[in-house]
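Below: one structure, written as structure tokens.
The values are calculated or read from the model by the stated rules, or taken from the named source; none is laboratory data. Quick caveat: nothing in here was measured; it's all calculated off a predicted structure. Here the Cβ positions follow ideal geometry from the backbone for every residue, glycine too, while neighbour counts run over all protein chains shown. These area figures cover heavy atoms from the full protein model, side chains too; ligands, DNA and RNA do not enter into them. Shrake-Rupley method; radii C 1.70, N 1.55, O 1.52, S 1.80 Å.
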Amino acid sequence: MTYTFLTPYTIKEGITLRNRVIMAPMTTSSSTAEGEVTEEELIYYLVRSSGPGAVITACAYISSEGQAFPNGMSIARDGHTDGLSKLAKVIKLQGAKAILQIYHGGRMSQRQYNGGRQPISPSPIRAERKWADTPKELTDGGINILIHQFGAAVRRAIEAGFDGVELHGANTYLIQQFFSPHSNQRTDKWGGSIEKRLTFPLEVVRHCQSIIKEHAQNTFLLGYRFSPEEMETPGIRLEDTLYLVDALINQQIDYLHLSVNYYYQPSLVGFRKYKHQIPHTIGKHINDRVPLISVGSIKTPADAEKALDYSQLIALGKQLIIDPKWVQKIENNSEETIQTSLIKSQRSTYYIPDPLWNTLVSIPNWIPIRE
């Protein structure tokens, strides 16, 4: 059987993916304490980059005080470029495109990973998490520094040999915090109305695009990941997200990437208000104006084809942890051999770094595991 997700796709002139499958960005917490890429990480990505058309890495922090979890990758200094260059080469070795996701944790950053420093955010409003600190409100100068730090990270990604960068504007991190009416209650040009709350994300996009124009010799992607809703009140709602999507498309973003738990996810906060599932509504709104990556519990070829009803690309996360050869097995008509759970006794065959493995086995029902 011929599946649409196995066909090539030109995401932008100059970059054609061998298929429409992308490895989703997933935190591994497997770099060094200084953010250097480790051999374990290189092997993990090597094993999983042989099938997908592109691999989006775990997020790399752009500033040393922006870590939201331990042992993440760093792109905060020029000295990190050598390790990231190895990562890009490993991913591209077997034909996949390499995309580096970059982020700043903002108020989701934690002192224990950032030298005891207080988190920063658009407004001094604490996240609704038991462990969260009240963040320090960013000054106008501090905001401009952050915009340039994102740009510097893009320059380093170009120098390291990646094919693109994905701005992490999802999962409650800093870029999303500027767009959210919960975390951004400023009254200056950076906050207030939805237009002003969008100022920082768009300034980051514009600056990164200028860096790409100046430094990239070949086609280089700039994508944007977003969470369509927030649980907080006030918080981001679907109408806000559609406004965000339109603004990013007008700014000529290269692709958009949903961040949801299920590719068929209903609304989290307005389930009686919307007739269709949230990803479907967003995909129809985008209407092929820009490539959209769907994600979330895509396990089977049937799931992948259904997700392509409203998107052009699909991202696999947990399924590529469980079975790195998912794509090849389908290409070879061996779907019946696809693994659906991790087997503890076969741990060595998965090439999963110790920190990630320990996380997987410690969270009940997050990923199927058997003895």
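A few points about this structure:
- Candidate set from region 283-309 (those that are of a type outside the set (D, E, K, R) and part of a loop (DSSP other than H, G, I, E, B)); member that is farthest from K325 (Cα to Cα): N287
- Scanning region 191-210 for residues that are over 19 Å from the mean Cα position of the chain (by Cα) and β-branched (V, I, T) gives I194, T199.
- Qualifying residue in region 133-153 (condition: under 21 Å from F69 (Cβ atoms), open to solvent by 70 Å² or more (accessible area, probe 1.4 Å) and modelled with pLDDT under 95): no
- Selected residue (only one of V295, V269, V290, V361 is within 30 Å of K12 (Cα to Cα) and out of contact with any helix residue (DSSP H, G or I) (no Cβ under 6 Å at 6 or more places or on another chain)): V295
- Members of region 28-45 found to be free of Cβ contacts under 8 Å to residues at least 60 places away in the same chain and either more than 23 Å from W366 (Cα to Cα) or surrounded by fewer than 19 Cβ atoms within 10 Å (Cβ to Cβ) (or both), listed by number: T32, A33, E34, G35, E36, V37, E39, L42
- For F5, the criteria (1) over 19 Å from the mean Cα position of the chain (by Cα); (2) open to solvent by 10 Å² or more (accessible area, probe 1.4 Å); (3) among the aromatic types (F, W, Y) hold in every case but one, which is (2).
- Residue match in region 207-228 (condition: open to solvent by 20 Å² or more (accessible area, probe 1.4 Å), in contact (Cβ under 8 Å) with a residue 60 or more places away in the chain and out of contact with any Gly (no Cβ under 8 Å at 6 or more places or on another chain)): yes
- Checking E239 against (1) of a type outside the set (S, T, Y); (2) assigned to a loop (DSSP other than H, G, I, E, B); (3) under 24 Å from F178 (Cα atoms); (4) open to solvent by 20 Å² or more (accessible area, probe 1.4 Å), the condition it does not meet: (2)
- The one condition from (1) at positive phi; (2) without any contact (Cβ under 8 Å) to a residue 12 or more places away in the chain that G79 does not meet is (1).
Rundown of residues vs (1) under 25 Å from N144 (Cα atoms); (2) within 16 Å of the chain's Cα centre (by Cα), yes/no style:
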| residue | (1), (2) |
| --- | --- |
| P70 | no, no |
| M73 | yes, yes |
| H80 | yes, no |
| V90 | no, no |
| K97 | no, yes |
| I102 | yes, yes |
| G105 | yes, yes |
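- Some residue of region 336-356 being within 18 Å of I56 (Cβ to Cβ), touching a residue at least 60 places away in the same chain (Cβ under 8 Å) and not in a loop (DSSP other than H, G, I, E, B): yes
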